[in-house]
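None of the figures in this text is laboratory data; all of them are computed from the coordinates on show. Predicted model, so just to flag it, every value in this text is computed and none were measured. When we count neighbours, we look across all protein chains shown, and the Cβ atoms used for this are built from the backbone with ideal geometry, even at glycine.
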Amino acid sequence: MRIIKIAKNAGFCFGVERAVAEALKIQKQYNKKIYTLGPLIHNNDVVKHLEDNNIFSISLENIDTLENGDVIVIRSHGVAKEVFTELEKRGLIVKNATCPFVTNIQKKVEKFSKEGYDIVILGDENHPEVMGINGWCDNKAIITKDGLLPDNLYNKICAVSQTTEKKENWDKTLDTLASKELEVLTFNTICLATTERQESAEELSKKVDAMIVVGGKNSSNTTKLYNISKENCVHTIHVENSSELPEEYIYNNNFKSIGITAGASTPEWIIRGVINIMQDEINNKEDQLQMMDQMDKRFIIGDEVEGEILSKTRDEILVSLVGYKSDGVISFRELTTLCDSTEMAEKLCIGDTIKAKVIKLQNSDGYVVLSRLEFEKDAAYVELQTLFDNGTIFDAKVDEIKEKGLVSYFKGARIFIPASQIDTKFIDNKDYLKGQILKVKLIEFSLGRTSKIIASRRVILEAEIAKIEEIAWSGFNVGDIVKGEIKRFAKFGAFAQVNGIDGLIHLSQISWKHINKAEEVLKKGDILDLKIIDLNKEANKLSLSIKQLTPEPWENVTEKYPEDSVVLGKVVRLNDFGAFIELEPGLDGLVHISKISYDRVLHPSEVLTIGEEVKAKILSVDAENKRVSLSIKDV
């Protein structure tokens, strides 16, 4: 006889049970339709149960559809601090059902982030719990999935973990941090309930012939239970509820013992449903035959089906699935992305045959949910693979603006353009790009359980810039006089753009006279004649000069300023031994303190001021050493 064994710790954890109970309590309190920010828990059956009780999930992107005074519940995963502020700003009634253990992590992260610690989070960067925790340290956390960390860590570290992480991954994180020789604070925030579930699943899976893991397919902790069990028991399956139990498990006499465990988001009644079916098979042969009949031609997600159109409504099509226990339904929005879906639906007639793929086993009306978009996606994936292999540039319409980049749908297939790949420079506000057509190129393409289709506009722009620069460099020669536009300033000079190439005008090459800052004589946007005085294409260095296009002030100085003549100049510098008089830009003469006045002068500032114009007699001119001696008192 087959034996059914239940893991010691399975099903609802404290935080999840609390969130569900709280949501039901809140709905009863307000006695109206309320909302949760995202699915309250990762379990479709529980989500359906909540909907039956007038509790509906809504995404942050659709929050604009809510009205002032609507009630919204924060789920057990928690959210970023800024989300609370945004919801309250909109006049919504916010009820916080965040798991207390997650709240504890958020408080730690906020506290130590403010104290100057870099935050390290072990977990899945796309999991809502991790995204929420990151929001309590200004989204600056270093997130690791496997305990590996970047080499460039120099600051003190505070490390925490996603509550559903594996203990072995936390140990890897600790080992990595230990090797960094930094000040480190570590908090093992893996929930005790998670650890207990994983340990009991580990223990049970080693003792049975087959293992059934029950829970939501998008539940992180349930997936980890499945992976742990699969390592020990090759005959391990993951089901959301009893309706997904495969016949080869229900009727397989080779399985003498079957273990059952469940994720933290799985209520007791779903676990009981699985247990009942497995036990009923053992105890009741008649029920077994009835069950086999009911399970004739069962669906799995992704099945291709073909059926006749039975009817059309204003937003969906009903499809007959011969040989199956229920019909299928296709929403208009799941018909096509290649043209207007409503127009396509109008062209379809009752009695027509249509092909589609299963995307949900059953909706609230008992229908199998189908989609034609999946066929279009398959064709799009083939086309995208060719574009990737050939490095082809193609058009992509920006359909969505995300915090970390842009989203485009190519014939139904989702393409992501990271913020770093939009342009050659950082773009702070991306909203203006919504609806625009961009030229892009695929830089990453992989299909599978975690598909990645990444495109870049930046690589195209960089290639265009490189081509322009190649042409520009080929036309440069030392000694050439070129036009350049002043673009920016630095302490050591100014940068001018010449034919798309940035060149440096060093402070010493701006003027023959002494200047402290380039901004004293130049303005951003000035277009000037410049002389190329040095270039290095390999190092991408272009040196330019303004002053070399003007006469050198000391040239023919003896002819311009003969000795014993009197000149008018401006006082530009004063020091202990005398005053410097500017005769022309770049050419100064010295009035020794003894030559300022017949009266005794302790310091030139007693009788002279910067900027003052004075007459002086030229005593001597030394062109070789660039010195002119002047006298005021001899005028």
### Query
Where does each of CYS339, CYS137 land when they are ranked from fewest to most other beta-carbon atoms within 10 angstrom?
CYS339, CYS137
### Task
Using amide H atoms built 1.01 Å from N in the peptide plane, name the residues 5+ places from ARG573, or on other chains, whose amide H lies under 5 Å from its own.
PHE580
## Note on the structure
Note to self: C-alpha centroids of region 234-283 and region 372-394 sit apart, in Å, by 39
### Message
Given R₀ = 30 Å, what would the calculated FRET efficiency be for LYS411 paired with SER364, taking r from the Cβ atoms and rounding to 0.05?
### Response
0.50
### Message
Under 19 Å from a point placed 7 Å out from the Cα of VAL572 along the Cα-to-Cβ direction: which residues of region 539-557 have their backbone N that close?
### Response
546-557
### Message
Taking the Cα centre as origin and putting +1 on Lys and Arg beta-carbons and -1 on Asp and Glu beta-carbons, what dipole magnitude results for the chain, to the nearest 20 debye?
### Response
1020
### Exposure proxy order (Cβ contacts within 10 Å, fewest to most) of ILE93, ILE301
ILE301, ILE93
### Task
Can you grab the distance from the C-alpha centre of region 445-515 to the C-alpha centre of region 144-176, Å, no decimals?
40
### Task
Arrange the following residues from fewest to most other Cβ atoms within 10 Å of their Cβ: CYS349, CYS191.
CYS349, CYS191
### Task
For region 351-446, run through the GluC sites (Glu not before Pro) and keep only the ones in DSSP coil with at most 14 other Cβ atoms within 10 Å of their Cβ.
GLU403
## Note on the structure
A convex hull over the alpha carbons of the chain yields, per residue, a volume in Å³ of 248
### Query
So which trypsin sites (Lys or Arg not before Pro) in region 484-561 end up in coil per DSSP with only 10 or fewer other C-beta atoms within 10 Å?
LYS491, LYS523
### Task
Go ahead and run the numbers for FRET between GLN436 and ASP315, Cβ-Cβ distance against an R0 of 30 Å, rounding to 0.05.
0.55
